[in-house]
1. Taking R0 as 30 Å, what's the FRET efficiency between Ile200 and Thr96 from their Cβ-Cβ distance, rounded to 0.05?
2. Set Lys and Arg Cβ to +1 and Asp and Glu Cβ to -1, take the dipole of the range 127-218 about its Cα centre, and tell me which of Leu155, His133, Pro195 lies farthest positive.
3. Ignoring ligands, DNA and RNA, what accessible area per residue does the chain give at 1.4 Å, in Å²?
4. Run the accessible area of the chain with a 1.4 Å probe and give the carbon-and-sulfur part as a rounded percent.
5. I'd like to know how the range 35-184 sits against the 2.2 N^0.38 Å rule of thumb: what's its Cα Rg over that expected value?
6. Based on the Kirkwood radius over alpha-carbon pairs, what is the Stokes-Einstein translational diffusion coefficient of the range 1-59 at 10 °C with 1.306 mPa s viscosity, in µm²/s?
7. Give me the one-decimal Kirkwood hydrodynamic radius in Å for the range 103-244, with the sum taken over alpha-carbon pairs.
8. Using the basic label-point model (7 angstrom from Cα toward the beta carbon), what is the Arg47 to Ile230 distance in nanometres?
Amino acid sequence: MDHADFVKHLRNEYAALRAAAVAAGPDAEVPTCPGWSVKDLVDHLGRTHSWALRALHTAADADRPRPDERPSDWDELLGWWDAKFTELADTLAGSTSNTPAWSFIGPKTFGFWSRRQAHETAIHRLDAEHALHGAGVPSLLFDVEFAADGIDEYLTRMLVRAAQRKPIERAGRVLFHAADAGRAWEVRLTPGEPPQVGPITDSATDEDATVAGTADAVYRAVWGRPSGAITSGDRSLLDGLPRP
């Protein structure tokens, strides 16, 4: 996937997320984010999108940008969020992927942010859908290529970053298999060390745990959302992965 693809997905996921959030209402509980209301979810996305926008205008070698303050009133928050998101998406769309920008991990480019914000928005779109529909969220919301890329981003970047803050405690090997994408990732876990992600080195039967299904299902599973993915072997290895 390229920069333009990610910007397109970012716009589409934002529209779906916003529609679900408004339909659910600000006081609705978000079952996939315990303790959060829909207003909390929107506040978080507003903070995230406005912070990403600041990052785009921050030199690659500068200090971490500070997030913006958000309105407390629901209607004002929605309007503020719309404006910040539109500016974020338009700024990304109007620049190339290799335009320099500050980032917290990975390449310090606009391409990092188009990918990161597309997946951040997509996963929280799921949260808004669960707030609106409960368990009745369609099992195939994301196209295969996008979902497979989201698995890859989580395992190769976000999981590694999370392990810097909460070290790995269990040893083992976990296979993630997105069958319809024809892709698989082996995550090798060693206590106190960064997770190692790469191709399968031996037979899949040697894995301690396996997470398999459609790319959509595995994408949801790695982010800890309700999923139709099938987990076999030592489930505690998956449950014990640090979350970003």
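1. Details: r = 35 Å, r/R0 = 1.16.
Once the sixth-power term is evaluated, E becomes 0.30.
2. It is Pro195.
3. Values: 10860 Å² over 244 residues.
Solvent-accessible surface per residue comes out at 45 Å².
4. On the way: 5320 of 10860 Å².
Heavy-atom surface of the chain belonging to carbon and sulfur, 1.4 Å probe: 49 percent.
5. Values: Rg = 17.0 Å, N = 150, 2.2 N^0.38 = 14.8 Å.
For the range 35-184, the normalised Cα radius of gyration comes out at 1.15.
6. Numbers: Rh = 12.9 Å.
The Stokes-Einstein estimate is 123 µm²/s.
7. Details: mean 1/r = 0.0645 Å⁻¹.
It is 15.5 Å.
8. For the pair Arg47/Ile230, the computed spacing is 4.0 nm.
The values are calculated or read from the model by the stated rules, or taken from the named source; none is laboratory data. Just so you know, these numbers come straight off a predicted model, no measurement behind them. Neighbour counts run over all protein chains shown; Cβ positions are idealised from the backbone, glycine included. The area values use the complete protein model at the heavy-atom level, side chains included, leaving out ligands, DNA and RNA. Shrake-Rupley method; radii C 1.70, N 1.55, O 1.52, S 1.80 Å.
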